[in-house]
1. Could you look through the range 238-274, keep only residues that are surrounded by fewer than 16 Cβ atoms within 10 Å (Cβ to Cβ) and closer than 21 Å to A176 by Cβ, and pick out the one that is modelled with the lowest pLDDT?
2. If you go through the range 135-168 one residue at a time, how many are under 16 Å from the mean Cα position of the chain (by Cα), of a type outside the set (S, T, N, Q) and more than 30 Å from Q109 (Cβ to Cβ)?
3. Please specify each residue of the range 300-319 satisfying the condition of being farther than 15 Å from G247 by Cα and surrounded by 12 or more Cβ atoms within 10 Å (Cβ to Cβ).
4. Please count how many residues of the range 42-76 are hydrophobic (A, V, I, L, M, F, W, C) and either touching a residue at least 40 places away in the same chain (Cβ under 8 Å) or more than 30 Å from D108 (Cβ to Cβ) (or both).
5. Return yes or no: is Q102 farther than 30 Å from S16 by Cβ and modelled with pLDDT of 95 or more?
6. For the range 92-129, which positions are under 16 Å from the mean Cα position of the chain (by Cα), outside any strand (DSSP E or B) and of a type in the set (F, W, Y)?
7. Quick one: M271 ticks every box in (1) of a type outside the set (D, E, K, R); (2) over 30 Å from L130 (Cα atoms); (3) within 23 Å of the chain's Cα centre (by Cα) except a single one, so which number is it?
8. Which of (1) at positive phi; (2) at pLDDT 80 or above is the odd one out, the single condition G311 does not satisfy?
Amino acid sequence: MRRVLNILVVLGLVWSAYWYGAGYLLRQGVSAWFTEQVARGWQADYSEIYTSGYPLRHITTLISPALADPATGAAWQAEWLNMDSPAIWPGRQTLAFPETAQRLSYFDQTVTLHAQGMDADLHLRPGPDLVVERMALTSGPWAVEDARGEAMAADGLVLAMQGTDQPETYRFNVDAPQFVPGAALRKMLRPTAALPESFESFELDMTVRFDRPWDRRALEDRRPQPVAIDLGLAQAKWGALALFAAGQVTVDSNGVPSGELSIKAENWRDMLALAQGSGAVPDYAIGPAERVLNLLSNMSGNPDTLDVKLGLRDGMVTLGPFPLGPAPYLYLR
């Protein structure tokens with residue numbers, strides 16, 4: 001019995017030494033990463049770092065973390081950030097965010113995010129490249145506020161990126177149940193449609209192939225760039241308005257997409273009014289666009305439903321033979 005106890009004591013001491021040593025290396029790694037970002041010209045700082053979770057987990061806590069990339073104008077700061085991983089393998093991290101305000105900025109635009117139970121899971125494949133197997137951001141009720149008040153909110157959030165059998169290919173899922181658009185958008189649409197406060201559905205399912213896997217080089221070098229997008233389904237339902245999209249697109253080295261998207265829009269006239277009110281479509285283009293869309297919807301058999309295919313070629317978006325405008329530039333900075 002004494003021998004068993006001695007063995008257990010020795011194993012406990014060895015494990016404790018490992019736990020404290022691994023915790024120290026984790027803190028050093030985090031500190032080194034922040035230092036590297038500062039050397040690249042970022043703002044990257046925190047006021048304190050410590051580790052808890054003994055004996056089975058490493059929970060590394062950063063107090064007052066702040067990150068800002070001057071190249072993209074993106075910035076984030078929070079009261080604290082927890083990085084939680086099994087003590088045996090730090091490559092399965094869960095980041096826990098505070099329910100207090102997080103500030104997100106893009107150049108001179110700043111919003112405040114309040115979220116309940118917001119976590120980010122990061123699963124890395126063992127090895128020096130630290131290839132991403134899964135990234136997922138989940139949250140309970142959340143709200144984003146800007147200088148004019150609430151900009152958007154929802155009862156929850158799922159943003160997931162899951163690796164596949166092909167290292168460069170990932171599946172993406174987005175779901176924001178009971179998504180509530182901001183007061184400005186609701187006010188804009190009030191004259192054209194009687195709409196509920198929240199969306200019935202706001203979802204996205206697509207598979208994207210990149211030019212290389214997502215690994216540590218995505219932060220240290222450059223972001224992997226999309227080369228092929230298979231949009232399984234994107235859908236948004238808001239009262240009488242419903243929009244569905246699916247299709248396949250390839251992207252060249254300059255970020256120019258080519259391919260075809262199938263679009264179905266229910267009560268498209270109200271959507272066109274929304275596009276006009278938001279400035280997405282200029283006033284002078286509304287008349288011609290409405291005449292063309294009216295012709296196409298009548299051809300489909302239901303004048304209130306639009307079922308068309310959008311072409312993406314030579315940097316332009318086309319509806320049949322009609323050019324609609326420049327295509328979006330798909331490049332991750």
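The values are calculated or read from the model by the stated rules, or taken from the named source; none is laboratory data. Because the structure is predicted, anything quoted here is derived from the model rather than measured. For neighbour counting, all protein chains shown are included, and Cβ atoms are generated from backbone atoms with ideal geometry for every residue, glycine included.
1. Taking the candidates together, the pick is A240.
2. Pass one, the range 135-168, residues under 16 Å from the mean Cα position of the chain (by Cα): 135-140, 142-144, 152-154, 156-163.
When the remaining residues are screened for being of a type outside the set (S, T, N, Q), the result is 135-137, 140, 142-144, 152-154, 156-161, 163.
So of that shortlist, the ones also more than 30 Å from Q109 (Cβ to Cβ) come out as 163.
Summing the residues that are under 16 Å from the mean Cα position of the chain (by Cα), of a type outside the set (S, T, N, Q) and more than 30 Å from Q109 (Cβ to Cβ) in the range 135-168 gives 1.
3. Residues of the range 300-319 farther than 15 Å from G247 by Cα: 300-306, 314-316.
Listed by number, the residues that qualify are S300, P303, D304, T305, L306, G315, M316.
4. So in the range 42-76, the residues hydrophobic (A, V, I, L, M, F, W, C) come out as 42, 44, 49, 56, 59, 62-63, 66-68, 71, 74-76.
This time we only want the ones that are either touching a residue at least 40 places away in the same chain (Cβ under 8 Å) or more than 30 Å from D108 (Cβ to Cβ) (or both), so: 49, 56, 59, 71.
The qualifying residues number 4.
5. yes
6. F97
7. Looking at each condition in turn, M271 falls short on (3).
8. The one condition G311 does not meet is (1).
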